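Below is one structure, written out as structure tokens; the observations come after it.
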Amino acid sequence: MSVPARVSLATLGVTDVARATEFYESLGWRLSPASVPGLVSFFHTAGGLLSLVATDDIAADAGLPTRPTPPNPAADFRGTMLAINVESPAAVDEALRAVVQAGATLVKTGGGAEWGGYLGYFTDPDGHLWEITYNPGWPLDEAGVPRLP
């Protein structure tokens, strides 16, 4: 058997599901009615679904020990990053302004990348790292999903 090459759902472990839900809703993201307030929130994206679940609940479900919350979650890089591709450098800057206004922490202002694109980074209120990027070599389809050669 082969495993399908797709990401259906990305789940972020959060300290407070309601607070995290408010952050993503303030970005204009559409909350699914399949969500269970305070327990799990599902958001529709142009790709797979994004869910928010309490970090301790994810650890318990997987049979893993919980980690203590660091004093500054934004500084606790977890080796994972999510990305939002947009249509232009100006759209990167606009999106970075919007996430900061919604409560995100700006990690890196928008700027040119050595590979010819333009990007910036932020962390959400739980310290999850996000990149907002424009890549001229990856055209976006009508849903905003990059299409690779």
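The numbers here are math on the coordinates, done by the rules we state, and not lab data. Computed from a prediction, not measured in an experiment: that's the story for all the values here. Cβ atoms come from the backbone with ideal geometry, glycine included; neighbour counts cover every protein chain shown.
Note down the nm distance, to one decimal, between modelled labels 7 Å out along Cα→Cβ at residue 46 and at residue 80.
2.3 nm
I need the phi-derived Karplus couplings for region 36-47: 6.51 cos²θ - 1.76 cosθ + 1.60, θ = phi - 60°, integer Hz, Gly and Pro marked x.
Running phi through 6.51 cos²θ - 1.76 cosθ + 1.60 with θ = phi - 60° gives 10, x, x, 10, 8, 10, 10, 10, 7, 10, 5, x Hz.
Write down the percent of antiparallel bridges among all DSSP beta bridges whose residues are both part of the chain, to the nearest 5.
Rounded to the nearest five, the antiparallel share is 60 percent.
Once label points are set 7 Å from the Cα along Cα→Cβ at both residue 148 and residue 109, what is their separation, rounded to one decimal in nm?
Placing both labels 7 Å along Cα→Cβ, they lie 3.2 nm apart.
Taking Rh as the Kirkwood radius computed over C-alpha pairs, what is the Stokes-Einstein D of region 46-113 at 4 °C in a medium of viscosity 1.567 mPa s, expressed in µm² per second?
86 µm²/s
With +1 on the Cβ of every Lys and Arg and -1 on the Cβ of every Asp and Glu, and nothing else charged, how large is the dipole of region 74-138 about its Cα centre, in debye rounded to the nearest 20?
60 debye
Listed highest first by mean packing, meaning other Cβ atoms within 10 Å per residue, what order do 19-29, 122-132, 107-117 come in?
122-132, 19-29, 107-117
Relative to the Cα centre, what is the charge dipole magnitude of the chain, using +1 at the beta carbon of each Lys and Arg, -1 at the beta carbon of each Asp and Glu, and rounding to the nearest 20 debye?
160 debye
Tell me, what is the percent relative contact order of the chain, built from C-alpha pairs under 8 Å that lie six or more residues apart?
Dividing the mean separation by the residue count of the chain yields 21 percent.
Once you list every other residue whose beta carbon is under 15 Å from the beta carbon of residue 111, what net charge do they have if Lys and Arg are +1 and Asp and Glu are -1?
Result for the local shell: -2.
Once both labels are modelled 7 Å past Cα along the beta-carbon direction, what's the residue 62-residue 94 spacing in nm?
About 3.6 nm separates the two model spin labels.
Could you give the radius of gyration (one decimal) and Dmax (whole number) of the Cα atoms in region 74-138, in Å?
Expressed in Å, the Cα Rg and Dmax of region 74-138 come to 11.3, 31.
Averaged across orientations, what area in nm² does the convex hull of the alpha carbons in the chain project?
10.8 nm²
If each Cα of region 1-62 is one equal point scatterer, what is log10 of I(q)/I(0) from the Debye formula at q = 0.17, 0.27 Å⁻¹?
-0.58, -1.16
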